[in-house]
Amino acid sequence: MLRKLLLSAAVLTLPAGVPAAHALPDHYPADYSDLIEQAKEEGSLLIYSNMGPENWEPLIEAFNQHYPDIKVETLDLGPGEVFTRYRAETGTGVATADILAAGTIGDWIQAANDGLVVDYKSPEARFLPEWSLPMPGVYTFSADPMILMYNKVLVPEELRTASMEEFFANITAHPDVFKGKIGTYDGQFAFGESINFAFVRHHGDKAWEWFDAIGPSTRPGGGTGGMIEKTVSGENTASYFASGPVLFPRLEQGIGQIIDWKFPSDGTPVFLRGVGVTEKAPHPAAARLMLDFILSEEGQYAVAEGKLTAYRPGVKPEGETSYSLDEVIEEIGGEDKMILIDYDPDMLTEHESFIARWAKAFGM
């Protein structure tokens with residue numbers, strides 16, 4: 001109901017499918033109606049992403065309320081494959097994606113350096129946090145918090161801390177509860193590397209001391225879905241750096257009776273999922289309309305409805321298990337408690353040494 005009400009209001013302020021110049025909000029350029037007409041002539045757009053239909057459907061539905069003449073297709077790929085497929089297709093002249101959207105920081109840095117996305121200036125940019133536009137043409141789709149997760153049947157309440165420092169200390173102090181039963185992402189792969197790199201950058205040498213201590217008790221590997229299954233079954237008693245937006249919808253499906261979770265109180269990693277219009281986009285106008293819509297207030301509510309974390313200030317979705325970044329910040333006590341998993345170029349230059357150090361800590 002909330003999104004429908006917002007949609008009704010947005011029709012009055014956002015560029016609707018009917019190209020009426022007076023319907024454009026003041027902050028849109030005067031020639032935006034020309035872009036809409038061009039997009040309608042293009043008639044479609046294709047998105048490569050590592051997100052599933054459940055993430056895209058609310059957004060596409062809302063977009064088509066404004067632009068019913070533009071058919072939107074998505075292709076669900078691996079995060080790195082989003083970029084390798086686009087590079088291969090443009091190299092051979094095959095029709096390819098208009099928009100890339102993926103959660104792999106290193107690939108985005110390389111893509112921006114190689115000019116794979118256009119430096120499009122969205123009229124919505126002025127309403128977004130500065131950190132959400134890390135490089136020319138690269139915007140943020142969602143900003144997803146990483147959490148701590150416990151099996152509350154197997155882990156006593158007094159050990160279910162929100163502090164990462166206390167969590168790591170509990171692992172070594174209570175091997176009967178935690179030894180060999182801790183899940184997390186494998187830091188040798190892109191997604192896990194990004195989280196671990198940002199965490200180490202934030203906590204410094206203390207993070208390496210913690211990793212050295214808990215490495216033998218930890219079983220890295222798989223995604224958040226696997227961590228949830230293993231934590232529910234008791235194969236793991238706890239997991240860290242799990243994706244909050246993956247867990248939250250499942251809490252409504254009964255596992256809330258078994259799973260307890262926390263935003264890390266001494267630094268909650270927040271993953272920035274990138275999005276941009278490709279340099280070789282076959283439908284460049286339609287791609288720009290979609291990007292503007294994703295970044296708009298209404299678009300961010302649709303992102304939240306697709307079970308990812310809206311980050312545009314002022315956007316607060318309904319639902320006990322849904323969070324916007326505003327709400328995450330309120331929960332953890334301020335922006336200084338966020339660890340932004342951002343586009344640090346050191347992640348590329350230090351890649352080999354970081355992976356080697358992480359693998360040594362975890363015995364991999």
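The values are calculated or read from the model by the stated rules, or taken from the named source; none is laboratory data. Because the structure is a prediction, the values reported are computed rather than measured. Cβ coordinates were reconstructed from backbone atoms using ideal geometry, including for glycine residues, and neighbour counts include every protein chain displayed. Ligands, DNA and RNA are excluded from the accessible area calculation, which covers all protein heavy atoms including side chains. Shrake-Rupley method; radii C 1.70, N 1.55, O 1.52, S 1.80 Å.
For every residue, the table says whether it meets (1) modelled with pLDDT under 95; (2) open to solvent by 10 Å² or more (accessible area, probe 1.4 Å).
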{"site": "Gln253", "(1), (2)": "yes, yes"}
{"site": "Phe263", "(1), (2)": "no, yes"}
{"site": "Gly267", "(1), (2)": "no, no"}
{"site": "Val277", "(1), (2)": "no, no"}
{"site": "Pro284", "(1), (2)": "no, yes"}
{"site": "Leu291", "(1), (2)": "no, no"}
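A Cβ distance below 8 Å, combined with a sequence gap of six or more or placement on separate chains, defines the contacts here; from region 75-94, residues that are in contact (Cβ under 8 Å) with a residue 40 or more places away in the chain reach residues that are among the charged types (D, E, K, R) and not in a loop (DSSP other than H, G, I, E, B) in the pairs Pro79/Asp107; Gly80/Asp107.
Condition first: surrounded by fewer than 18 Cβ atoms within 10 Å (Cβ to Cβ), in contact with a helix residue (DSSP H, G or I) (Cβ under 9 Å, 6 or more places away or on another chain) and at pLDDT 90 or above. Can you find one or more residues in region 10-26 that meet it? The answer is no, given that none of the residues of region 10-26 is surrounded by fewer than 18 Cβ atoms within 10 Å (Cβ to Cβ), in contact with a helix residue (DSSP H, G or I) (Cβ under 9 Å, 6 or more places away or on another chain) and at pLDDT 90 or above. In the set Tyr86, Tyr48, which member is among the aromatic types (Phe, Trp, Tyr) and within 23 Å of Leu308 (Cα to Cα)? Criteria check complete, one pass: Tyr48. Taken together, the residues in region 304-338 that are among the hydrophobic types (A, V, I, L, M, F, W, C) and outside any loop (DSSP other than H, G, I, E, B) amount to 6. Selection of first residues in region 178-203 that are under 16 Å from Ala356 (Cβ atoms) and of second residues that are part of a helix (DSSP H, G or I) and among the charged types (D, E, K, R), restricted to Cβ pairs under 6 Å at least 6 apart or on distinct chains, gives the following pairs, ordered by first then second residue: Gly187/Glu193. On the given criteria, is Gly215 part of a helix (DSSP H, G or I) and either free of Cβ contacts under 8 Å to residues at least 40 places away in the same chain or in contact with a Gly (Cβ under 9 Å, 6 or more places away or on another chain) (or both)? For Gly215, the condition - part of a helix (DSSP H, G or I) and either free of Cβ contacts under 8 Å to residues at least 40 places away in the same chain or in contact with a Gly (Cβ under 9 Å, 6 or more places away or on another chain) (or both) - is met.
Yes or no, residue by residue, for (1) open to solvent by 10 Å² or more (accessible area, probe 1.4 Å); (2) at pLDDT below 95; (3) among the aliphatic types (A, V, I, L, M); (4) within 18 Å of Leu128 (Cα to Cα):
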| position | (1), (2), (3), (4) |
| --- | --- |
| Gln300 | no, no, no, yes |
| Gly306 | no, yes, no, no |
| Arg312 | yes, no, no, yes |
| Pro317 | yes, yes, no, yes |
| Thr321 | yes, yes, no, no |
| Leu325 | no, no, yes, yes |
| Glu331 | yes, yes, no, no |
| Met338 | yes, no, yes, yes |
| Asp342 | yes, yes, no, yes |
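For Ala97, the requirement of being in contact with a Pro (Cβ under 9 Å, 6 or more places away or on another chain) and either in a loop (DSSP other than H, G, I, E, B) or open to solvent by less than 40 Å² (accessible area, probe 1.4 Å) (or both) is met. Restricting region 67-94 to residues that are in a strand (DSSP E or B) and over 14 Å from Val275 (Cβ atoms) leaves a set whose member that is farthest from the chain's Cα centre (by Cα) is Lys71. Which count do you get for residues in region 115-156 that are without any contact (Cβ under 8 Å) to a residue 24 or more places away in the chain and more than 19 Å from Glu297 (Cβ to Cβ)? Final tally of qualifying residues: 2.
Let's see how each residue does on (1) over 18 Å from the mean Cα position of the chain (by Cα); (2) buried (at least 17 other Cβ atoms within 10 Å of the Cβ):
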{"position": "Leu154", "(1), (2)": "yes, no"}
{"position": "Pro175", "(1), (2)": "yes, no"}
{"position": "Gly183", "(1), (2)": "yes, yes"}
{"position": "Phe191", "(1), (2)": "no, yes"}
{"position": "Val200", "(1), (2)": "yes, yes"}
{"position": "Gly225", "(1), (2)": "no, no"}
{"position": "Phe248", "(1), (2)": "no, yes"}
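Can you list residue pairs whose Cβ atoms sit under 7 Å apart, with the first residue in region 284-310 being touching a residue at least 12 places away in the same chain (Cβ under 8 Å) and the second being of a type in the set (Ser, Thr, Tyr) and in a helix (DSSP H, G or I)? Count only pairs 6 or more apart in sequence or on different chains. Close Cβ pairs (under 7 Å, with a partner that is of a type in the set (Ser, Thr, Tyr) and in a helix (DSSP H, G or I)) amount to Ala310/Tyr301.
Go through the residues of region 40-59 one by one and say whether even a single one is surrounded by 14 or more Cβ atoms within 10 Å (Cβ to Cβ), more than 18 Å from the chain's Cα centre (by Cα) and of a type in the set (A, V, I, L, M, F, W, C). Yes, region 40-59 contains a residue that is surrounded by 14 or more Cβ atoms within 10 Å (Cβ to Cβ), more than 18 Å from the chain's Cα centre (by Cα) and of a type in the set (A, V, I, L, M, F, W, C). Can you find a residue that is in contact with a strand residue (DSSP E or B) (Cβ under 9 Å, 6 or more places away or on another chain), more than 30 Å from Arg250 (Cα to Cα) and open to solvent by 30 Å² or more (accessible area, probe 1.4 Å) anywhere in region 156-166? No, that holds for no residue.
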